[in-house]
2 protein chains.
Amino acid sequence: MQHANGKNGTINGYKNESLNIAVVGGGLVGSLAALHMGKRGHNVTVYEYREDIRTAELVIGRSINLALSVRGRTALREVGLEDKMLKHGIPMYGRMIHNIDGTRNVIPYDRNSNQAIYSVGRKYLNEILITATEKYPNINLKFNKKMSGGKVEKGEVHFVDTSTQQEETANADLIIGCDGAFSSVRREFLKKNAFNYQQIYIEHGYLELCIPPAKDGEFLMPANYLHIWPRGKFMMIALPNQDRTWTVTLFMPFENFDSIKSSDELLKFFETFFPDSIPLIGEERLVKDFFKIPAQHLMAVKCRPYHISSKCVLIGDAGHAVVPFYGQGMNAGFEDCTILSRLFNKYGSDLEKILNEYSETRWEDAHAVCDLAMYNYIEMRDLVNKKSFLFRKAVDDLLHWMMPNVWVPLYGSVSFTCMPYKKCIDNRAWQDKVLNRIITVSGYAASALGFFGVYQIYNNYRMFEESTN
Amino acid sequence: MQHANGKNGTINGYKNESLNIAVVGGGLVGSLAALHMGKRGHNVTVYEYREDIRTAELVIGRSINLALSVRGRTALREVGLEDKMLKHGIPMYGRMIHNIDGTRNVIPYDRNSNQAIYSVGRKYLNEILITATEKYPNINLKFNKKMSGGKVEKGEVHFVDTSTQQEETANADLIIGCDGAFSSVRREFLKKNAFNYQQIYIEHGYLELCIPPAKDGEFLMPANYLHIWPRGKFMMIALPNQDRTWTVTLFMPFENFDSIKSSDELLKFFETFFPDSIPLIGEERLVKDFFKIPAQHLMAVKCRPYHISSKCVLIGDAGHAVVPFYGQGMNAGFEDCTILSRLFNKYGSDLEKILNEYSETRWEDAHAVCDLAMYNYIEMRDLVNKKSFLFRKAVDDLLHWMMPNVWVPLYGSVSFTCMPYKKCIDNRAWQDKVLNRIITVSGYAASALGFFGVYQIYNNYRMFEESTN
């Protein structure tokens, strides 16, 4: 074996040799993992089930909630691609709530520092990542390779070429399984002992619709927001695309989808719950898209450990698929690459050390982001409209303004920092405790009164700040 | 198709025809399910992976905690086998606790009505069940058939004969998957959408030891108890066998097993924690058995739904493997047969109705017994030695004596009634609420004082009752 990066053979006292790495899955996380490993000088082969997305005519896949936030940006920065992505992405500074009476109101993500998450197209992102691998002679891409089995604990994976039916076996020092929520690599883990695993389907399904550009080629709604139609038991959201269209996603219990059988029923349903969206989508397009394919399932996966022996590791959705309501699925998967990279920095090419520590340190955060997404599944469709939620949001914003380093609200810590997910939850629990104590000690009325006093000052300050910008 | 039981073609207005049923797995639950279905007149074929247990020389399998209680007895009674099993089984009326200083004390399961659970050998039980199927010309047994895949949603299963390698396909109206905790039938469910699944390995492993008979051929310990050596983080238990031996099981975190590497270390460990067991097991046998095979894993499974289309259903461990600490694994699996039978009574041979209702009504109870077993995993090794536990047990016994139909303690409702498992838990939660209210309202001291007064009366009554028996 050669030395990674042509450097000498050790790092921090651990051996540091060039490894043969098989990346199973060439989606967003797979192609980014290949870049991270390729950059280190390892010999990487990416096996992707689908054809090359850059030349494919039609891409079948999920596009919901590709919202790039700080964790994802960090991992992209590490391979020099952050700026490219941001240039393409559309910043969203907050949620724009569509009320049933047609009024709209904005809830900024971060009133104080004006941070944004970025709406990015899955196809574009994947294309950039795949093209970037071509800079590295030590990264090899293989498309149309369907995994058919293997002894992953020995670094062995079998593939069948979907066009030629030819069989092929990879023998790698390390298999990185990033083949998504329905991972074939993970299926091999399930055959082994002591693999803890959970998959949960939520009762809501999703269906994608589309809002076209206006006649003048511009956006039909204010572009820099994530639009939400919260309706309690169900909701609709819309994210802006570079081409001035909106990807609209309707989340609803399957029984509600099933109850809509005709275009009349559909239009009646939309007139009742999403009246302002009908002229935006257009009646004809709405009917066509709604009945095109049935609503899709949404699944969350938790498992532990993420590795078998020192030969195979699961990252991205393969290890921790989440429901899409926090916009963290891709970001968490990208963060896996950052964490894996850091462990290579720490332990050279000692895979036993690397994979053990990865499993031991990553599961709590991966389970936490799973829980966060489940929580937001309720917040987005229901709580977001409640006074208690808006009050708490105002309290959080105020305290964050007064103590920006001490008081970081939950959404901010998840989306605008790299604080470990588990710590974000612990932090929120601590905040709840502090607030409860304040309210208990000082009395609710007094604290609310006091709060509004300070809030007035804060608002005056904000207005002052805005007017001077 | 012919009519089941030769009766006319309907039951409660539903069609009632003879079905072709493939039972995958011929263990305890599989052979009992075959009897239940065979008795109804269906054509049943049992496919078992192992050879015929009745002629096999060595049976490799788990024997821990085969404690037959009321649910299991009910299902056996329905096929006329209860008495046969009880005659062989050894009644256990309570737990006999072995303290570290060598003293022992008894905690009866049910002080009032002297009920017992029965220790039964797995091999014996399975043999009786398999032999009983031979009475039915419509039940066909096939051994050495390993499931290799199938389209279970279409009633199709593939098998390979483990001796001849010949392939075989079953095409059934109904597949009953009862192939245990590592079910191959369930693996097919995992490939489908909307199947919720969880498997959890606990940090404890288990290892079996043996206490031989005394020289006079009798038991070396009082036979009618489940013996427990609770030691907080780990524990040992012993169940009596018909041949006057004891099956001893040591439950311990894997790291503790791993830390015992030599016979010296083993004996020192036993001298420290289980000193009274050494002369019972015998030093030589202890060392031999301990190092024979490594400690085994323990897994719990929850899933939902239990059926696919109207063609396949999971029962027993395949649907709800539990850790063995409540002695309910087999009993819950046997109860599945009772419930399925009742649904055939209700819906004839309308499999869609039967399987839908089975999935919809069984999951809450199956998840509940899983949780109960996890809870007892702590109670048995730790709580059982705590004053608070013994106090609560005394309160429960007393109230049960005063109101036998109203106040049924948790253990009793699980083991000595057929109350749905979920209701057992709800019932316990209600009892906790009542007790907390009494204690809060009357003050702890007063209620304790009052309690001990009544308890004295109760104890005097018990003594009186015992002396007059």
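In deg cm²/dmol, rounded to 500, what helix-only [θ] at 222 nm does chain A give when every DSSP H run of at least 4 residues adds -39500 (n - 2.57) and the total is split over its residues?
Computed mean residue ellipticity for chain A: -13000 deg cm²/dmol.
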Cross-link reach from A:LYS386 to lysines, straight Cα distance under 18 Å and at least 8 residues apart if same chain, gives A:LYS233
Chain B to chain A by rotation: the residue of B with the beta carbon nearest the axis and the rounded distance in Å are B:GLN198, 2
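Skip the ligands, DNA and RNA, and give the accessible area per residue of region B:147-234 with a 1.4 Å probe, whole Å².
Numbers: 3700 Å² over 88 residues.
The answer is 42 Å² per residue.
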Full extension between A:SER113 and A:LYS135 adds, at 0.36 nm per residue less the Cα distance, a length in nm of 4.3 nm
Partner shielding of A:293-305, taken as the mean number of other chain Cβ atoms within 10 Å, equals 1
For region A:180-198 the residues that are at least 30 Å² less accessible with all protein chains than alone, 1.4 Å probe, are A:ARG187, A:LEU190, A:LYS191, A:ASN193, A:ALA194, A:ASN196, A:TYR197, A:GLN198
For the table A:LYS154/A:LYS191; B:LYS39/B:LYS346; A:LYS215/A:LYS292, the rows whose alpha-carbon distance is greater than 20 Å are A:LYS215/A:LYS292
Neighbours of B:GLN198 by Cβ distance under 10 Å: Lys/Arg at +1, Asp/Glu at -1, summed charge +3
Protection proxy (average C-beta count within 10 Å per residue), highest first, orders B:186-196, B:204-214 as B:204-214, B:186-196
With Cα coordinates, the longest principal axis of chain A makes an angle with the long axis of helix A:351-381, in degrees rounded to 10, of 20
Quotient of Cα radius of gyration and Kirkwood radius for the protein assembly as shown, i.e. Rg/Rh, equals 1.00
Toy charge model, Lys and Arg Cβ at +1, Asp and Glu Cβ at -1: chain B dipole around Cα centroid in debye, rounded to 20, equals 860
Between chains A and B, the summed loss of accessible surface on complex formation, probed at 1.4 Å and reported to the nearest 100 square angstrom, is 1300
Counting all Cα-Cα pairs in region A:194-284, those more than 22 Å apart amount in percent to 35
Tilt, helix B:387-402 to longest principal axis of chain B (alpha-carbon atoms), in degrees rounded to tens, equals 70
Set B:LYS151/B:LYS353; B:LYS268/B:LYS393; A:LYS15/A:LYS311; B:LYS142/B:LYS311, cut-off 25 Å on Cα-Cα distance; pairs above it are B:LYS268/B:LYS393
For the protein assembly as shown, the dipole about the Cα centre with charges only on Cβ (Lys and Arg +1, Asp and Glu -1), to the nearest 20 debye, works out at 800
Expressed as a percent, the accessible surface of the protein assembly as shown that is carbon or sulfur, using a 1.4 Å probe and the full set of protein chains, is 53
Longest principal axis of chain B (C-alpha) makes with the long axis of helix B:329-347 (C-alpha) an angle, in degrees to the nearest 10, of 40
Inter-copy distances for B:PRO294, nm, shortest first, label points 7 Å along Cα→Cβ, are 4.4
For region A:197-211, Karplus-derived ³J(HN,Hα) couplings (6.51, -1.76, 1.60; θ = phi - 60°; whole Hz; x for glycine and proline) come out as 8, 9, 10, 10, 9, 7, 6, 8, x, 9, 8, 9, 10, 8, 9
Output row for A:PRO279: copy-to-copy label distances, label 7 Å along Cα→C-beta, ascending, in nanometres, one decimal, is 9.5
Reported to the nearest 10 Å², B:CYS418 has, with a 1.4 Å probe, an accessible area equal to 60
Measure of exposure for B:GLU167: accessible area at 1.4 Å probe, Å² rounded to 10, is 150
Per the rule of 0.36 nm per residue minus the C-alpha distance, extending A:LEU266 to A:ASN193 adds in nm 21.4 nm
Within region A:116-134, the residues whose backbone N lies under 15 Å from a label point placed 7 Å from the Cα of A:LYS87 along the Cα-to-Cβ direction are A:125, A:128-129, A:132
Once A:ASP371, B:ASP276 are ranked on solvent-accessible area with the largest value leading and a 1.4 Å probe, the list reads A:ASP371, B:ASP276
Shortest first and in nm, the label-point separations between B:MET402 and its counterparts in the other identical copies (7 Å out along Cα→Cβ) come to 5.3
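The values are calculated or read from the model by the stated rules, or taken from the named source; none is laboratory data. Here the structure is a predicted model, which is why all the values come from computation and not from measurement. Heads up, the Cβs are rebuilt from the backbone with ideal geometry, glycines too, and the neighbour counts pull from every protein chain shown. The protein model used for the area step is the full one, side chains on, heavy atoms only, and it has no ligands, DNA or RNA in it. Shrake-Rupley method; radii C 1.70, N 1.55, O 1.52, S 1.80 Å.
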